[in-house]
1. State all residues of segment A:286-312 that are closer than 19 Å to residue A:81 by Cβ, out of contact with any helix residue (DSSP H, G or I) (no Cβ under 7 Å at 6 or more places or on another chain) and without any contact (Cβ under 8 Å) to a residue 40 or more places away in the chain; if no residue qualifies, say none.
2. Being farther than 22 Å from residue A:204 by Cβ and either of a type in the set (A, V, I, L, M, F, W, C) or outside any helix (DSSP H, G or I) (or both) narrows it down to one of A:257, A:279, so name that one.
3. I'd like the full set of residues that are β-branched (Val, Ile, Thr) and surrounded by fewer than 24 Cβ atoms within 10 Å (Cβ to Cβ), limited to segment A:92-116.
4. Return yes or no: is residue A:169 touching a residue at least 40 places away in the same chain (Cβ under 8 Å), within 23 Å of residue A:75 (Cβ to Cβ) and within 14 Å of chain B (Cβ to nearest Cβ)?
5. Against the condition at the interface with chain B (Cβ under 10 Å from one of its Cβ atoms), within 15 Å of residue A:164 (Cα to Cα) and either in contact with a strand residue (DSSP E or B) (Cβ under 9 Å, 6 or more places away or on another chain) or not in a helix (DSSP H, G or I) (or both), how does residue A:124 come out, does it pass?
6. Would you mind stating whether residue A:114 is touching a helix residue (DSSP H, G or I) at 6+ places or on another chain (Cβ under 8 Å), in a strand (DSSP E or B) and within 10 Å of chain B (Cβ to nearest Cβ)?
7. I need the full set of residues from segment A:318-354 which are at pLDDT 80 or above, touching a strand residue (DSSP E or B) at 6+ places or on another chain (Cβ under 7 Å) and not in a loop (DSSP other than H, G, I, E, B), in order please.
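The values are calculated or read from the model by the stated rules, or taken from the named source; none is laboratory data. In this text the structure is predicted, and so the values were computed from the model without any measurement. Virtual Cβ from ideal backbone geometry, glycine too; neighbours counted across all protein chains shown.
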Amino acid sequence: MKYVDEFRDPALGEVLAGEILSLVEPGRHYKFMEVCGGHTHSIYKYGIDDLLPANVELVHGPGCPVCVIPMGRVDDAIALAHEPDVIFTCFGDMLRVPGSSGTLLDAKAEGADIRMVYSPLDALRIAKVNPERPVIFFAIGFETTAPSTALTLRRAKTEGVPNFFCMCNHVTIVPPLRALLDSPDLRLDGFIGPGHVSTVVGVRPFEFIPREYGKPIAVAGFEPLDVLHAIHMILTQLKQGRCEAENQYARVVPWEGNPRALQIMSEVFELRPHFEWRGMGFISQSGLKLSEAYADMDAEIQYSVPGIRIADPKACQCGEVLKGVIKPWECKVFGSGCTPEHPIGTCMVSSEGACAAYYNYGRFAREREVV
Amino acid sequence: MKRLIADAASALTPACDYTTGCITCGDVAIPLNVVRVDDERGLALCADDDGNSETVETDLVAPVAPGDRLLVHAGTAIARLDEEEAHA
């Protein structure tokens, strides 16, 4: 497939791996964070870890929107799904995220009408064919997904679909990165920047990382050669004593982002003063809610949601995993109490979650390390 | 794929295929080809290389024409893939 196959060429991968080896200084330990869950997935799926020198370590960032959702928001979603006549729609991964007393899938088993959709547009279609019933779309995701929700809300408004509502859980990428960089227990040498978020916001919002924190960043695509190339770019910067924001994914990502996407987002959303992140607590200006012009479609305004804050389960160490402080397999319940079939923490739920990715692809590599 | 999703009963099936990842919840986007365009509504019917099709919002990358290759995330085209080819 064009734009895919050429970025999976094993021979080129070997060449890049060789060059990476020549760039690292023996005796120095390099720790890079891949911000995005999609990169975590690629790294394990293609065994990129195995191609890197032993002193280059990749740690996982907070870039899976499902993984960062706190339990209280899941409880709020379940409460909305139980409202009379409501059809509750959400992406597949969300169905299995545990709240304090079960998942949306459990709520469905109890009789709530909960339907999985692949896009906000699918949810709008459900609203159109069920005009007598309120349809709530559970919106989640970083800036990649937020324009999709925004376009659908504008479409619902212009096409006159009064029974379409949105529970907005969209988050923004820069505030949690800043929180991470301010965290004292984290030592990082560079960042692999999120590729598809950057198609929307561009590379410019990440320039603060080299400027204010002195860490290089390369925004990267998701094919194995993209990730290797990004690591190569970061190591080259370190070797040459440079510290910049670079764009490895220039075939898709414009430096300034997509102005139309940014415009529709600013029309439909506004920043919440603060939003709770799983394992990271409240981060100011890190979440989006519907703007006043769209308040009549805001499920949190049109319905009463409990809004109770629930502490994360004690055994779960998703917070440390999300901050890259521990590896997934270092969590007490990884692979024993917490598996993709029976997740305790969110990182094990979504396929983009670090724990699920590690469970599915990385555990064999770890076994090799242990031996 | 879409027909399955449209069936409410399918929502009972575990949501994600762990081998390929969830295309919507992560930062994942897939390349699709434009088959037919509805300019008035800002939508296009797009298909992947296996022939699976879906309706896509095209506002962010408009105008589009049949044959264009788009990067699609959660039912919305977030970038064009044909520009690189045009510049090549």
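1. A:304
2. A:279
3. A:103
4. Spelling it out, residue A:169 is indeed touching a residue at least 40 places away in the same chain (Cβ under 8 Å), within 23 Å of residue A:75 (Cβ to Cβ) and within 14 Å of chain B (Cβ to nearest Cβ).
5. yes
6. Yes: the conditions hold for residue A:114.
7. Selection gives A:321, A:328, A:348, A:354.
To keep it simple, each residue is scored yes or no on (1) within 14 Å of chain B (Cβ to nearest Cβ); (2) assigned to a loop (DSSP other than H, G, I, E, B); (3) surrounded by fewer than 20 Cβ atoms within 10 Å (Cβ to Cβ); (4) basic (Lys, Arg).
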| site | (1), (2), (3), (4) |
| --- | --- |
| A:261 | yes, no, no, no |
| A:294 | no, no, no, no |
| A:300 | no, no, yes, no |
| A:306 | no, yes, yes, no |
| A:316 | no, yes, no, no |
